[in-house]
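What follows draws every value from the coordinates through simple rules; no lab data is involved. Quantities reported herein were computed from a predicted structural model and do not represent experimental measurements. Methodologically, a virtual Cβ is constructed for each residue, glycine included, from the backbone with ideal geometry; neighbour enumeration extends over all protein chains shown.
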Amino acid sequence: MPESNLSTALEYCQQNRGRFLEELKSLISIPSISTDPNARPGIQRAAQWLADHLEHLGMKNVQILPTPGHPVVYGESLDAGPGKPIILIYGHYDVQPAEPLDLWHSPAFEPELRGDNLYGRGASDMKGQVLATLKAVESITKTGSLNINLKFLFEGEEEIGSPNLGPFIAVNTELLACDFALNPDAAMIAADIPTITYGLRGLAYFELRISGPRQDLHSGLYGGVVHNPAQALCELLSGMHDAQGRVTLPSFYDSVQPLSEEERDELRRLPIDDQYYLEQCGAPQLSGEAGFSALERVGARPTLEINGLLSGFTSEGIKTVLPAKAMAKISMRLVPDQDPTEVHQQLVRYMEMNAPSTVTWEVIKMAGSPPSITDRQMPAMEALSQALQETWGKKPVYKREGGSIPVVAQLSEFLGVDSIITGFGLPDDNLHAPNEKLNLPNFFRSVEALTRFFCILGEQ
């Protein structure tokens with residue numbers, strides 16, 4: 001799109017802000033709560049709202065496609081032809097429950113504008129981000145031509161872990177085939193710092209069960225004779241880290257991609273230091289793998305964490321019991337190029353090497369997803385960086401995220417494509433909490449930034 005056409009599209013953005021806001025309120029007002037069986041009508045309404053909107057934008061082949069759970073909304077615009085890239089735009093239209101309702105200052109599904117913020121469930125996560133992509137496309141198509149090919153994939157189960165999305169993608173690879181995906185379901189570090197997430201950690205989740213005697217025993221009669229499974233579990237867990245905070249599972253670090261000095265320099269640009277984490281969590285002191293900053297440990301280094309422990313008598317009062325069993329929930333955050341299956345094998349090997357013969361044990365694999373990383377030099381990533389810089393007037397920062405986004409791994413596994421991850425929510429948007437909000441100046445800037453992004457891609 002020539003510069004004059006881009007200017008016209010951006011002018012359209014400015015002139016239609018009022019209508020964009022009203023449409024956003026309309027979408028937020030739909031209670032599309034994916035975890036609530038009684039909210040299925042809201043799920044259907046939100047899916048239909050998006051399908052109708054895609055048709056209004058001139059998208060073709062618009063469908064509401066069933067899954068064993070909530071439906072997927074699909075649409076496409078392939079008129080740019082085979083010489084132009086195909087971008088798959090991902091989003092989700094489901095939201096978290098609004099409870100506790102008494103903590104909201106206005107009804108969760110009656111969006112209210114207060115100052116620069118629009119309050120309502122789903123405003124930031126992620127109906128505002130979904131609508132920003134749609135309004136960017138509208139700003140281009142209503143003032144000129146879309147010089148790229150687009151496909152839209154909006155799911156209704158992200159807030160419950162996307163249980164049906166992977167199988168849906170697996171059986172619809174031809175429909176969803178693309179060059180890369182755009183995922184705007186992330187956030188900015190601050191309102192004046194545009195942010196691109198280029199790395200996500202994977203996840204491996206296990207339950208470790210330790211068994212001793214066939215039943216709970218009297219600790220006075222059997223203490224000192226039988227190896228307490230709770231003690232054995234604690235001894236095994238404590239051995240999973242060394243004094244430098246490194247995980248001791250055999251071969252755990254063999255596949256880990258080291259951080260380059262250039263990457264470490266880029267991460268230092270982020271206004272997030274160790275003090276930031278102390279203030280956020282309230283711990284007396286930070287800990288973790290020696291030789292890395294807190295930001296590096298969170299985004300670019302693997303971890304092993306104990307998420308829960310259960311054994312013996314835990315109610316009020318006294319019961320002198322020697323428990324027959326003990327259990328721990330263990331999660332590991334993985335980085336490129338670690339594999340959840342290999343990590344499972346490493347945990348089993350650790351147990352084989354260290355578990356005493358006085359107990360029996362079992363490792364149960366409960367969940368796993370691989371890590372991902374996107375080349376910051378790929379043309380689409382550079383186009384996004386340019387678009388963000390032109391909109392905010394400053395170079396964006398690149399961030400590695402400590403968490404996982406299942407759809408990113410699923411698109412990589414089944415379609416073989418990278419995801420470009422960005423977003424325009426803010427740290428204080430109260431995601432999943434009462435009084436969720438969306439900063440409207442940022443919302444309108446996000447429409448402009450995505451308009452620029454699509455136009456830049458069309459000229460590449």
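Less than 13 Å Cβ to Cβ from residue 13, Lys/Arg counted +1 and Asp/Glu -1: what total charge do the surrounding residues give? Intermediate values should be presented prior to the final figure.
Numbers: positive: 17, 19, 135, 142, 445, 452; negative: 11, 138, 448.
Local net charge: +3.
Kirkwood Rh over Cα pairs of the range 235-351 into Stokes-Einstein at 25 °C, 0.890 mPa s: D in µm²/s?
Values: Rh = 16.7 Å.
Using the Kirkwood radius from Cα pairs, D works out to 147 µm²/s.
State, as an integer percentage, the relative contact order of the range 238-301 based on alpha-carbon contacts under 8 Å between residues 6 or more apart.
Values: 38 pairs, mean separation 23.5, N = 64.
The value is 37 percent.
May I ask you to work out the translational diffusion coefficient for the chain at 10 °C, viscosity 1.306 mPa s, via Stokes-Einstein with Rh from the Kirkwood sum over Cα pairs, reported in whole µm²/s? Show your work: numbers first, answer last.
Values: Rh = 24.2 Å.
Estimated via Stokes-Einstein, D reaches 66 µm²/s.
Counting each DSSP H run of 4 or more residues in the chain as -39500 (n - 2.57), what helix-only mean residue ellipticity at 222 nm follows after dividing by all residues, to the nearest 500 deg cm²/dmol? If you can, show how the numbers build up before the last one.
Details: 15 runs with 163 residues, N = 460.
Value at 222 nm, helices only, nearest 500: -10500 deg cm²/dmol.
Can you tell me what percent of all Cα-Cα pairs in the range 127-194 are more than 13 Å apart?
Details: 1726 of 2278 pairs.
More than 13 Å apart: 76 percent of the Cα pairs in the range 127-194.
Can you tell me the relative contact order of the range 1-150? Whole percent, Cα pairs under 8 Å, sequence separation 6 or more.
Numbers: 197 pairs, mean separation 46.8, N = 150.
It comes to 31 percent, rounded to a whole number.
Once you list every other residue whose beta carbon is under 14 Å from the beta carbon of residue 378, what net charge do they have if Lys and Arg are +1 and Asp and Glu are -1?
Details: positive: 376; negative: 179, 375, 382, 418.
Local charge sum for residue 378: -3.
What does the charge count around residue 62 come to, taking other residues whose C-beta lies under 10 Å from its C-beta (Lys +1, Arg +1, Asp -1, Glu -1)?
On the way: positive: 60; negative: 52, 55, 76.
Net local charge, residue 62 excluded: -2.
Using only the Cα atoms of the range 342-460, what do you get for the radius of gyration and for Dmax, in Å?
Values for the range 342-460 (Cα only, Rg and Dmax): 21.1, 68 Å.
Explain nothing, just compute: Karplus ³J(HN,Hα) = 6.51 cos²θ - 1.76 cosθ + 1.60, θ = phi - 60°, for every residue of the range 150-157 in order, whole Hz, x for Gly and Pro.
10, 10, 10, 10, 10, 9, x, 9
Pop out the Kirkwood hydrodynamic radius of the range 399-460 from its pairwise C-alpha distances, inverse of mean 1/r, in Å to one decimal.
Numbers: mean 1/r = 0.0697 Å⁻¹.
Taking the inverse mean of 1/r over all distinct Cα pairs, the range 399-460 comes out at 14.3 Å.
Below 8 Å between Cα atoms, with a sequence gap of 6+, how large is the relative contact order for the chain in percent?
Reported relative contact order: 25 percent.
Let's see if you can work this out: charge +1 on each Lys and Arg Cβ, -1 on each Asp and Glu Cβ, no other charges. What is the dipole magnitude of the chain about its Cα centre, in debye to the nearest 20? Could you put the intermediate results ahead of the total?
Details: 36 positive and 58 negative charges, 92 e Å.
About 440 debye.
Can you find, among 414, 77, 211, the residue sitting farthest towards the positive end of the charge dipole of the chain, where Lys and Arg contribute +1 and Asp and Glu -1 at Cβ?
Of the options given, the answer is 211.
Of 167, 197, 323, which is farthest on the positive side of the dipole of the chain, counting Cα position, with +1 on Lys and Arg Cβ, -1 on Asp and Glu Cβ, and the Cα centre as origin?
With unit charges placed on the Cβ atoms, the residue in question is 323.
Can you find, among 176, 379, 369, the residue sitting farthest towards the positive end of the charge dipole of the chain, where Lys and Arg contribute +1 and Asp and Glu -1 at Cβ?
The residue sitting most towards the positive pole is 369.
Assigning unit charges at the beta carbon (Lys, Arg +1; Asp, Glu -1) and nothing else, what dipole magnitude in debye, to the nearest 20, does the range 77-218 show about its Cα centre?
Working: 10 positive and 19 negative charges, 81 e Å.
Magnitude of the dipole: close to 400 debye.
Near residue 151, which aspartates and glutamates are there with a Cα under 16 Å away, not counting those fewer than 8 places off in the same chain?
Filter leaves 52, 55, 76, 79, 138, 174, 179, 418.
Treating only the Cβ atoms of Lys and Arg (+1) and Asp and Glu (-1) as charged, compute the dipole magnitude of the range 77-131 about its Cα centre; round to the nearest 20 debye.
280 debye
Using a Debye calculation, one point per C-alpha and no hydration shell, please list log10 I(q)/I(0) for the range 30-74 at q = 0.27, 0.28, 0.30 Å⁻¹ in order.
Computed log10 I(q)/I(0) values: -0.93, -0.97, -1.05.
Using amide H atoms built 1.01 Å from N in the peptide plane, name the residues 5+ places from residue 33, or on other chains, whose amide H lies under 5 Å from its own.
43, 95
Given the pairs 25/437; 60/142; 365/399; 25/142, which are separated by over 20 angstrom at their Cα positions? Walk me through the numbers on the way to the answer.
Numbers: 25/437 12 Å; 60/142 16 Å; 365/399 29 Å; 25/142 22 Å.
Correct reply: 365/399; 25/142.
I need the Debye-formula profile for the range 312-356: one equal scatterer per C-alpha, no solvent, reported as log10 I(q)/I(0) at q = 0.22 1/Å, two decimals.
Results for the range 312-356 at q = 0.22 Å⁻¹ read -0.87.
Please sort 34-41, 363-370, 189-196, 147-154 by packing, taking for each peptide the average over its residues of neighbouring beta carbons within 10 angstrom, highest first.
Working: 34-41: 14.5, 363-370: 16.0, 189-196: 17.6, 147-154: 24.0.
The packing order, highest mean first, is 147-154, 189-196, 363-370, 34-41.
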